[in-house]
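For reference, the structure is listed below as C-alpha cells.
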Amino acid sequence: LRNAQARRNIFPGIPPHPVFRKLAMANAGPEAKAAAGPGPHSECTPLKGRGSDEDYGGPIHCEMRRLWAISFPMVLSSISGYIMSLSSLVILGMFAGPHDLAGASLGTTFSNVCGCSMLVGLSEAIDTLCSQAFGAGRFRTMGWILQRGLLLLMLASTAAAILFWHSANLLLFFGQDPALAHHAGIYVRYQIPGIYGYAVCMALQRFLSAQGIARPLFWVSAGALPFHVVTTWVLVHPLHLGCMGAAIGWSLSFCCRALVMTMYTWHLEKGKCEEQRCCIQFSMKQATRDWSRLLAVSLPAYAMLATEWWTFEILTMLSGLLPNPETQVIANTICSNVIGFMFMFHLGISVAVCVRVGAALGAMRTDCVKRTIASSIAICLLQWAVVGGIFMTPPVRKHLSLLFAPPSSGNPAQSGEIQQLVSLCIVYVVIQQFFDGLKEVGESLFWQLYKHTHCI
C-alpha cells in the first residue's frame, strides 16, 4: 500500500480511500493534518458539532421563544389530530345513539392499546436520533434513521392489523359485553387501513420536528380535520353506517394525511442544497442495518409510554365489566378524552425539549440545555394552569358530557348519570395532568441525555 501510495504521488494530498488516507495522515506533519480536517463522517462518528450564539445563546426568555416556536405549532397539530378521533365519538353520540358510541369507545380503547400506543412509542427513537444528527450537521444520517424507523413502524402496523382483525373475539375473551364487543370489533376492523397511514404520519412528524419544522405539520392537520368531520358525518348520518362509517372516516383521513406529508417531505428535500439534503430515497440496505441503536431507544420508550397509556385504556375496559356498562364506558371515555386533550399541550413542549436538547448536545452547547430545562418547566406549568382552569370552571365541568351524550340522543336519565360522573371526575383529571406535564419534560430530557452519553 505504501508503494502504491508513492507511485500515485498521493502524499501530501488526501486520497478518497480510507486506507490511503490513514497512511498519508500517519506520515504527514501537523500542518498537513490540520489542513486535511476531520475527514468524512460515518454513522459511528460521535455526534459533535459547533453551535452559534444566535441559535443556542441568550437569556431564558430567548430560549422560551425558541421552545414556543416549536411547541405551539406542534400543540395545534396534535390537537387537530386528536380532535379527529374525538369528533368521531361526538358524531356517533349525536346521530347514531349510545350503542354505537359505547362500541366505538371500547374499540378506540382496543386500537390505542394494540396499535396507536405502539406506533407512538416506537417512533420516539426517530426524533431522539434525528435531532442530535441535525445538530451535528449529519443530514444523510437523518435520512437513514427515517428509513429504518418507517420500516420498523410498518412491521409494527402489520402486527397490530392482525390483532385488529380478531378484536371482537379478544374482547369477548376478556369478559366484555357481547353487544359492546360486536360493535367494537366492527369499528376496529375498519381502522386497519388507517393504521398504516398513522404510522407514516408519526414517522414523518418526528423527522420534520427534529429539524425544527412544525408549522407545516399544523396546516396538514388543520386541513385534514374538516375533511374528516364532513366524511364521518356523511358516513354516519346520511348513509347510516354507524360505527363502521366512523372507522372508515378515520382511516381515510389518516391515509390522506400520510400522502400529503410524504409529498411535502419529498418537495422539501428536493429544494435543499446537496450538502443539507437528507437521504430519503429508499434503500433496503440502509433500512435493514444498524437496528440495534434504533431499538435501544424505541423499545424502552415504547415500554414507558405503554405503561402509562395502557393504564387509562385498561380502566375503560374494566368499566365495561361494571353494572350498567354503557353508562360507565361512556363516562370513562369522556374523562379519558379530556386527559388526552390536555396531554397534547404537554406533548408539544416535550417534543420541543427533545428537539432543542438534542440539537444543543449535537452542537456541544451544554449551556443551552440548562436554559431549555428551566424554560420548558415554566411553559409546562403555564399551559397546565390555563387549560386546567378552563376545564375547572363550572359551566365547562358540568356540561362537558352533553357534547358526547345529549339527552336527545337516547335515555335522558342515562345522560344525567353520565353528567354527574364526568363533573366529579374532571377534578381528579386536572390534578393528574399537573404531574403528567412534568413527567413528559423529564422523559424527553432523559432520552436525549441517555442517547448522547452512548454516542460519545
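Values quoted throughout were computed directly from the atomic coordinates according to the rules given, and no laboratory measurement underlies them. Because the structure is predicted, anything quoted here is derived from the model rather than measured. We place every Cβ from the backbone using ideal geometry, glycine too, and count neighbours over all the protein chains shown.
When Phe446, Phe345, Phe72 are sorted by how many other C-beta atoms sit within 10 angstrom of their C-beta, beginning with the fewest, the order is Phe446, Phe72, Phe345. The residue list Gly249, Ile339, His267 was ranked by how far each Cα lies along the charge dipole of the stretch 226-349 toward its positive end, using unit charges on Cβ atoms, and His267 comes out on top. Ranking of Asp367, Asp100, Asp127 by neighbouring Cβ atoms within 10 Å, starting from the fewest: Asp367, Asp100, Asp127. Look at the alpha carbon pairs under 8 Å that are at least 6 residues apart: their mean separation over the length of the stretch 50-455 gives a relative contact order of 29 percent. Under 1.5 on a/c is rounded, so check that first for the stretch 55-153, then, if it is not, pick prolate when a/b is larger than b/c and oblate when it is not; a ≥ b ≥ c are the square roots of the alpha carbon gyration tensor eigenvalues. Oblate is the answer for the stretch 55-153, as a/c is 1.5 or above yet b/c matches or exceeds a/b.
The order of His61, His228, going from fewest to most other C-beta atoms within 10 Å of their C-beta, is His61, His228. Of the residues Cys278, Pro325, Gln147, the one whose Cα sits farthest towards the positive end of the charge dipole of the stretch 50-455 is Cys278 (charges of +1 on Lys and Arg Cβ, -1 on Asp and Glu Cβ, taken about the Cα centre). Near the amide H of Met364, within less than 5 Å, lie the amide hydrogens of Gly49, all on another chain or at least 5 residues away, with H placed in the peptide plane.
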